[in-house]
Amino acid sequence: MKRFGFLYEQIVSVENCKAAIINASAKKRRRKSVQDITSNLDYYASDLSKRLIALDFLTPYRTRMIRDGLSGKQRELQIPSFYPDQCAHHAIVQILQPIFMKSSYHWSCANIPNRGIDRACKGVERATVRDTKHAKYCVKMDIHKFYPSIPHDKLKARLREKIKDEKALQIIDKVIDSHSPGIPIGNYTSPWLAEFYLQPLDWFIKQTLGVRHYIRYADDLVLIGSNKRELRKAMNAIMEFIKDLGMEVKHDYQLFRIQRNCKEKKQRKGRKIDFVGRCFGIGFTTIRKRRALALMRQSRYIQKLQRTNRPVPYRVASGFLSRCACFKHTNSQAMKKKYYDTVNIKKLKEVISNESKRKCLAQCA
């Protein structure tokens with residue numbers, strides 16, 4: 001394995017720190033504290049470089065509890081301050097990103113730019129739509145409390161397999177040790193470190209076990225194949241491999257037959273793969289039940305407002321149109337006809353356009 005050196009000089013360089021502050025300030029430039037730093041960029045870039053050299057770039061986290069999407073899961077966020085913490089995180093990732101990308105698995109999604117839900121869906125549909133001959137059974141697994149369960153000692157050992165610059169490793173170790181247990185949900189570095197830590201698992205599944213179709217979205221694993229016995233062996237081997245990484249698989253792992261697209265209900269054996277907000281069967285894709293119910297409620301509410309000539313709130317209009325984007329990538333045509341085509345979409349777009357103009361004028365003023 002090739003090991004990388006001479007990273008410390010790149011991380012602490014003033015040019016890298018300047019680019020890190022600019023990147024970290026994206027979508028935050030309305031804040032007064034951020035404006036003060038970006039307006040005096042040369043001074044703060046030099047100061048950040050000195051802080052990285054002195055290993056003095058961390059401040060205490062602010063903690064906040066959030067509910068994650070439609071699932072309603074409670075997550076604890078550790079929010080770092082913009083300067084110097086977030087800027088230092090960007091300075092580190094800017095140098096490490098090309099190294100991590102070189103060994104990244106093609107169908108590993110969620111933690112890498114331009115590899116989101118759509119890419120994960122394409123990975124599943126590559127099996128369920130294009131390779132139906134080998135898409136018969138599916139294994140679905142999830143790592144229990146992924147970020148908090150990543151052990152610091154094994155993550156550091158994994159980093160030392162790839163990086164030989166001891167000074168650069170001291171900076172990365174400082175970020176890793178800033179939170180325990182595991183790595184914090186909220187750091188810019190955390191998704192990249194998590195992605196890097198699971199790369200041996202991707203290699204093990206594809207090269208050693210030889211699973212034909214394998215897609216990973218953060219810590220959610222989907223394996224698709226035609227032989228149930230081989231998939232069961234692979235599932236047990238993966239559970240042991242994840243245990244060696246210091247983590248454990250959630251108790252609700254599944255091995256099941258994938259549902260086929262048949263007109264008669266009696267012939268619909270198996271069930272759909274519920275993954276990244278969509279449900280995949282052999283030859284078709286539909287919307288996840290929770291998302292479908294939320295879309296149906298919004299549609300009925302908007303139709304009621306439009307029938308009585310009452311204005312539709314901006315948040316409702318934008319949320320509904322955002323949810324309706326899933327119709328482009330699924331086969332839920334009956335639902336589209338009933339809940340999308342019956343809504344006056346032109347008026348909803350006018351609501352969003354007017355609100356955008358109002359915000360733009362207020363910002364200019």
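Filter region 182-227 down to the residues that are without any contact (Cβ under 8 Å) to a residue 40 or more places away in the chain and under 19 Å from GLY246 (Cβ atoms) and list them by number. Give the derivation first.
Applying the first criterion (without any contact (Cβ under 8 Å) to a residue 40 or more places away in the chain) to region 182-227 yields 182-183, 204-205, 207-211.
Passing the criteria: GLY182, ILE183, PHE204, ILE205.
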Going by the structure shown, is ALA294 touching a residue at least 24 places away in the same chain (Cβ under 8 Å), in a helix (DSSP H, G or I) and under 27 Å from LYS347 (Cβ atoms)?
yes
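I want to confirm something. Restricting to region 23-33 and keeping residues that are assigned to a helix (DSSP H, G or I) and in contact with a helix residue (DSSP H, G or I) (Cβ under 6 Å, 6 or more places away or on another chain), which single residue is surrounded by the fewest Cβ atoms within 10 Å (Cβ to Cβ)? Reasoning before the result, please.
Filtering region 23-33 down to residues assigned to a helix (DSSP H, G or I) leaves 23-24, 32-33.
Narrowing further to those that are in contact with a helix residue (DSSP H, G or I) (Cβ under 6 Å, 6 or more places away or on another chain): 23-24.
Details: ASN23: 15, ALA24: 22.
Once the filter is applied, the top-ranked residue is ASN23.
Being free of Cβ contacts under 8 Å to residues at least 40 places away in the same chain and assigned to a helix (DSSP H, G or I), is that true of even one residue in region 105-125?
Looking only at region 105-125, we keep the residues that are free of Cβ contacts under 8 Å to residues at least 40 places away in the same chain, and these are 106, 113-116, 119, 122.
Restricting the remaining residues to those that are assigned to a helix (DSSP H, G or I) gives 119, 122.
Yes, there is a match, as at least one residue in region 105-125 is free of Cβ contacts under 8 Å to residues at least 40 places away in the same chain and assigned to a helix (DSSP H, G or I).
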Looking only at region 51-66, and only at residues there that are over 29 Å from the mean Cα position of the chain (by Cα) and surrounded by 14 or more Cβ atoms within 10 Å (Cβ to Cβ), the one that is nearest to ILE171 (Cα to Cα)
ILE53
Checklist (1) at pLDDT below 95; (2) surrounded by 13 or more Cβ atoms within 10 Å (Cβ to Cβ); (3) not in a strand (DSSP E or B) applied to GLN78, failing item:
(3)
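One line per residue, one yes/no per condition, for (1) at pLDDT 95 or above; (2) closer than 18 Å to ILE282 by Cα:
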site: PHE204; (1), (2): yes, no
site: ILE215; (1), (2): yes, yes
site: VAL222; (1), (2): yes, yes
site: SER226; (1), (2): no, yes
site: ARG229; (1), (2): yes, no
site: ALA234; (1), (2): yes, no
site: ILE238; (1), (2): yes, no
site: LYS243; (1), (2): yes, no
Let me spell it out: the conditions are (1) without any contact (Cβ under 8 Å) to a residue 24 or more places away in the chain; (2) under 30 Å from TYR253 (Cα atoms); (3) in a helix (DSSP H, G or I), and SER322 meets all of them except one. Which number is the exception?
(2)
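Pick from ILE99, ILE143: which is of a type outside the set (S, T, N, Q) and in contact with an Asp or Glu (Cβ under 6 Å, 6 or more places away or on another chain)? Before the answer, list the steps.
Working: ILE99 fails: in contact with an Asp or Glu (Cβ under 6 Å, 6 or more places away or on another chain).
Of ILE99, ILE143, the one residue that is of a type outside the set (S, T, N, Q) and in contact with an Asp or Glu (Cβ under 6 Å, 6 or more places away or on another chain) is ILE143.
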Of the residues in region 240-253 that are over 22 Å from the mean Cα position of the chain (by Cα) and under 17 Å from LEU223 (Cβ atoms), the one that is surrounded by the fewest Cβ atoms within 10 Å (Cβ to Cβ) is GLU240
Give just the number: which of (1) closer than 29 Å to PHE275 by Cα; (2) free of Cβ contacts under 8 Å to residues at least 40 places away in the same chain; (3) open to solvent by 10 Å² or more (accessible area, probe 1.4 Å); (4) part of a loop (DSSP other than H, G, I, E, B) does HIS134 not satisfy?
(2)
Based on this model, can you work out whether HIS179 counts as within 23 Å of the chain's Cα centre (by Cα) and either without any contact (Cβ under 8 Å) to a residue 40 or more places away in the chain or open to solvent by less than 30 Å² (accessible area, probe 1.4 Å) (or both)?
no
Would you check if ASP42 is more than 25 Å from the chain's Cα centre (by Cα), open to solvent by 50 Å² or more (accessible area, probe 1.4 Å), closer than 30 Å to GLN363 by Cα and not aliphatic (A, V, I, L, M)?
yes
Hey, GLY116 surrounded by fewer than 18 Cβ atoms within 10 Å (Cβ to Cβ) and small (Gly, Ala, Ser) or not:
yes
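Can you find a residue in region 343-351 that is open to solvent by 80 Å² or more (accessible area, probe 1.4 Å) and not in a helix (DSSP H, G or I)? It would help to see each step written out before you state the result.
Of all residues in region 343-351, those open to solvent by 80 Å² or more (accessible area, probe 1.4 Å) come to 346-347, 349-350.
Still in the running and not in a helix (DSSP H, G or I): none.
Looking for residues that are open to solvent by 80 Å² or more (accessible area, probe 1.4 Å) and not in a helix (DSSP H, G or I), one finds none in region 343-351, hence no.
Answer with yes or no whether ARG315 is in contact with a Ser or Thr (Cβ under 8 Å, 6 or more places away or on another chain), open to solvent by 40 Å² or more (accessible area, probe 1.4 Å) and either of a type in the set (D, E, K, R) or part of a helix (DSSP H, G or I) (or both). Explain how you work it out, then say what you get.
Values: in contact with a Ser or Thr (Cβ under 8 Å, 6 or more places away or on another chain): no; open to solvent by 40 Å² or more (accessible area, probe 1.4 Å): yes; either of a type in the set (D, E, K, R) or part of a helix (DSSP H, G or I) (or both): yes.
No: the conditions fail for ARG315.
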Suppose we keep only residues that are in contact (Cβ under 8 Å) with a residue 60 or more places away in the chain and open to solvent by 80 Å² or more (accessible area, probe 1.4 Å) within region 3-22. Which one would you say is farthest from SER103 (Cα to Cα)?
GLN10
For region 260-275 the number of residues that are assigned to a loop (DSSP other than H, G, I, E, B) and at pLDDT 90 or above is 1
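The values are calculated or read from the model by the stated rules, or taken from the named source; none is laboratory data. It should be emphasised that the depicted structure is a prediction, and the values quoted were computed from it without experimental measurement. We place every Cβ from the backbone using ideal geometry, glycine too, and count neighbours over all the protein chains shown. Just so you know, the surface numbers come from the protein's heavy atoms only, side chains and all, with ligands and any DNA or RNA stripped out. Shrake-Rupley method; radii C 1.70, N 1.55, O 1.52, S 1.80 Å.
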